[in-house]
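Inspection log for the structure reproduced underneath, given as structure tokens.
The values are calculated or read from the model by the stated rules, or taken from the named source; none is laboratory data. Not measured: the values here are computed from a predicted model. In this analysis, Cβ positions are derived from the backbone assuming ideal geometry, glycine residues included, and neighbour counts consider all displayed protein chains. SASA here: full protein model, heavy atoms, side chains in, ligands and nucleic acids out. Shrake-Rupley method; radii C 1.70, N 1.55, O 1.52, S 1.80 Å.
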Amino acid sequence: MKTRISLLTILSVMLICLSGCSNKKEFEEFSFTYSMESVDNYKMVVTFDSDQNYKLEEYNYFFDNAANKRDPKISEGKLTDKEFGEIQKLLSKSKLFEMEDSYGFDKESNRDLGDIMYQISFSTKDKDKFISIRSTENQQFSSGFISLIGYINTFINSHKKEVAN
């Protein structure tokens, strides 16, 4: 009986180690892009990569069209170790590769929600994932995905001042 318990314990620990190692290996090299666009009005894009780089792009199509010019605000920088660790953790918890490729396109758009489109591109050494989301009522997403988007929005707000300069 003790031998079985010991064997099961050892196997469990090995499985946990192997699954933990495979997740870390999967995200050794990655590129992640998130864009949020109010169609024909405004677009915000944030990109992170495995070299701890980030890039923020802000396009205000509404004002640019009124002024008859293009004036995107673009800024690039390095993530702190803390930011990078948090992004890696959230990308892993969000399970993007398990998500569907599109959400909200099977329903009529709701103009009250502002016709907002979200796009995600996530590439690792071995896999690519593209997700498009059109804002509709009653969409349900995993808590891991919601946490990732919440962190990204907080990141954008705290680093957006750098884009304006």
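For this structure, a couple of remarks:
- Within segment 55-93, restricting attention to residues that are touching a strand residue (DSSP E or B) at 6+ places or on another chain (Cβ under 9 Å) and hydroxyl-bearing (Ser, Thr, Tyr), the residue that is farthest from Glu29 (Cα to Cα) is Tyr61.
- With respect to the conditions (1) in contact (Cβ under 8 Å) with a residue 12 or more places away in the chain; (2) open to solvent by less than 50 Å² (accessible area, probe 1.4 Å); (3) of a type in the set (Asp, Glu); (4) part of a helix (DSSP H, G or I), Glu57 lacks only one, and its number is (4).
- Cβ-Cβ under 7 Å pairs, at least 6 apart or on other chains, segment 68-79 side touching a residue at least 24 places away in the same chain (Cβ under 8 Å), far side among the aliphatic types (A, V, I, L, M) and open to solvent by 50 Å² or more (accessible area, probe 1.4 Å): Lys73/Ala164
- Per the conditions (1) open to solvent by 80 Å² or more (accessible area, probe 1.4 Å); (2) part of a strand (DSSP E or B); (3) more than 19 Å from Lys43 (Cα to Cα), the sole criterion not satisfied by Phe130 is (3).
- Checked against (1) assigned to a loop (DSSP other than H, G, I, E, B); (2) modelled with pLDDT of 95 or more, Arg70 passes all but a single condition, namely (2).
- Among the conditions (1) open to solvent by 40 Å² or more (accessible area, probe 1.4 Å); (2) modelled with pLDDT of 80 or more, Val45 misses just one, which is (1).
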